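To start, the structure under review is shown below, and the notes come after it.
Rule-based calculations on the coordinates, nothing more; no lab input. Quantities reported herein were computed from a predicted structural model and do not represent experimental measurements. All Cβ positions, even for glycine, are placed from backbone atoms using ideal geometry, and neighbour counts span all protein chains on display.
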Amino acid sequence: MKKLIPILILLGGAATGFSQGTVTFQNSVTFQTVDPSGGGHLVYDVNSPIDPVNGARLLGSQYVAELYAGTSAGSLSPIAASASRFRNTSTAASNRGKWNTFTVSGGLNDPTAIPGATFGDTVFLQVKVWDWNANGGTTVIGSSTFEGKTTGNYGTSAVFTYKVPPAGDLFAGDYFMENLQGFALVPEPSAIALGIMGVAGLMLIRRRK
């Protein structure tokens with residue numbers, strides 16, 4: 001009996017480790033529900049319509065998608081290990097607008113652990129995309145961050161909810177980000193600033209006239 005106690009303690013610790021909630025951080029899966037935005041859960045280039053047929057799906061391995069998670073919409077934090085590059089410019093049309101299965105450091109991002117989440121929890125998620133290379137990104141995770149970007153186009157999905165499947169759930173589809181909606185990038189911050197300055201200048205000229 002005494003010999004069994006250490007074994008039970010070890011098993012208990014292992015069970016606790018495996019209880020962390022995970023999610024399939026990919027938009028290249030076969031989703032089970034229709035994206036209400038009409039965007040097919042994809043990411044689009046600047047000023048593109050959110051439309052899988054007529055929209056310009058995002059391409060370029062310089063772009064990175066990263067998962068943000070939290071217990072509320074106002075407590076989202078980045079999961080650095082999830083940062084994954086998009087497909088390169090020669091990829092097939094069917095794979096455009098999707099980030100790759102591999103992270104920037106070359107490892108698989110499936111499944112992605114959600115810090116602090118366990119079986120049955122409902123958490124808030126968001127996907128953020130930015131130009132990794134233009135902001136000093138290398139193969140080192142965390143070498144480029146969304147918050148630290150100063151140049152390049154970028155975009156964010158709407159915040160959405162995700163319910164961690166119960167313990168022992170083996171159906172892969174239950175781990176998909178079904179509530180992720182398609183979204184498009186916006187111009188780099190400097191371009192937006194120049195646009196605002198241009199509009200302000202035109203207004204001043206009109207007033208003087």
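Run down THR101, THR89 and say which single residue is touching a residue at least 12 places away in the same chain (Cβ under 8 Å) and either in a loop (DSSP other than H, G, I, E, B) or within 23 Å of PRO189 (Cβ to Cβ) (or both). Spell out how you get there, then give the answer.
On the way: THR101 fails: either in a loop (DSSP other than H, G, I, E, B) or within 23 Å of PRO189 (Cβ to Cβ) (or both).
Matching residue, one of THR101, THR89: THR89.
Would you mention how many residues in the stretch 108-141 are assigned to a loop (DSSP other than H, G, I, E, B) and under 22 Å from GLN181 (Cβ atoms)? Outline the logic, then answer.
Within the stretch 108-141, the subset assigned to a loop (DSSP other than H, G, I, E, B) is 109-111, 119-121, 132, 136-141.
Okay, now just the ones that are also under 22 Å from GLN181 (Cβ atoms), so 109-111, 121.
Counting residues in the stretch 108-141 that are assigned to a loop (DSSP other than H, G, I, E, B) and under 22 Å from GLN181 (Cβ atoms) gives 4.
Whether any residue in the stretch 116-123 is over 30 Å from GLY168 (Cβ atoms), touching a residue at least 60 places away in the same chain (Cβ under 8 Å), surrounded by 18 or more Cβ atoms within 10 Å (Cβ to Cβ) and not basic (Lys, Arg) is what I want to check.
Kept after step one, since they are over 30 Å from GLY168 (Cβ atoms), are these residues of the stretch 116-123: none.
No, that holds for no residue.
If a residue has to be buried (at least 16 other Cβ atoms within 10 Å of the Cβ) and over 16 Å from ASN153 (Cα atoms) to count, how many in the stretch 88-97 make the cut? Spell out the reasoning first.
Step one: filter the stretch 88-97 for residues buried (at least 16 other Cβ atoms within 10 Å of the Cβ), giving 91, 96-97.
With the extra rule that they be over 16 Å from ASN153 (Cα atoms), the set shrinks to 91, 96.
Qualifying residue count for the region: 2.
Tell me, please, whether a residue that is surrounded by 13 or more Cβ atoms within 10 Å (Cβ to Cβ), farther than 25 Å from ASP45 by Cα and not charged (D, E, K, R) can be found in the stretch 130-149.
No: zero hits.
Which of the residues spanning the stretch 134-185 are β-branched (Val, Ile, Thr), over 24 Å from THR33 (Cβ atoms) and under 13 Å from the mean Cα position of the chain (by Cα)?
Step one: filter the stretch 134-185 for residues β-branched (Val, Ile, Thr), giving 138-141, 145, 150-151, 156, 159, 161, 164.
Those still in the list that are over 24 Å from THR33 (Cβ atoms) too: 138-141, 145, 150-151.
Scanning the stretch 134-185 gives a single hit, THR145.
Does the stretch 150-182 hold any residues that are small (Gly, Ala, Ser), surrounded by 18 or more Cβ atoms within 10 Å (Cβ to Cβ) and under 20 Å from ASP110 (Cβ atoms), and which are they? Before you say what the answer is, go through the steps one by one.
So the first thing to find is which residues in the stretch 150-182 are small (Gly, Ala, Ser), and the list is 152, 155, 157-158, 167-168, 172-173, 182.
Then drop every residue that is not surrounded by 18 or more Cβ atoms within 10 Å (Cβ to Cβ), which leaves 152, 155, 157, 182.
Once the filter is applied, which keeps residues that are small (Gly, Ala, Ser), surrounded by 18 or more Cβ atoms within 10 Å (Cβ to Cβ) and under 20 Å from ASP110 (Cβ atoms), the stretch 150-182 yields only SER157.
Could you list all residues from the stretch 42-66 that are touching a Ser or Thr at 6+ places or on another chain (Cβ under 9 Å) and either buried (at least 19 other Cβ atoms within 10 Å of the Cβ) or not polar (S, T, N, Q) (or both)?
Residues satisfying the conditions are VAL43, ILE50, GLY55, ALA56, ARG57, LEU58, LEU59, GLY60, VAL64, ALA65, GLU66.
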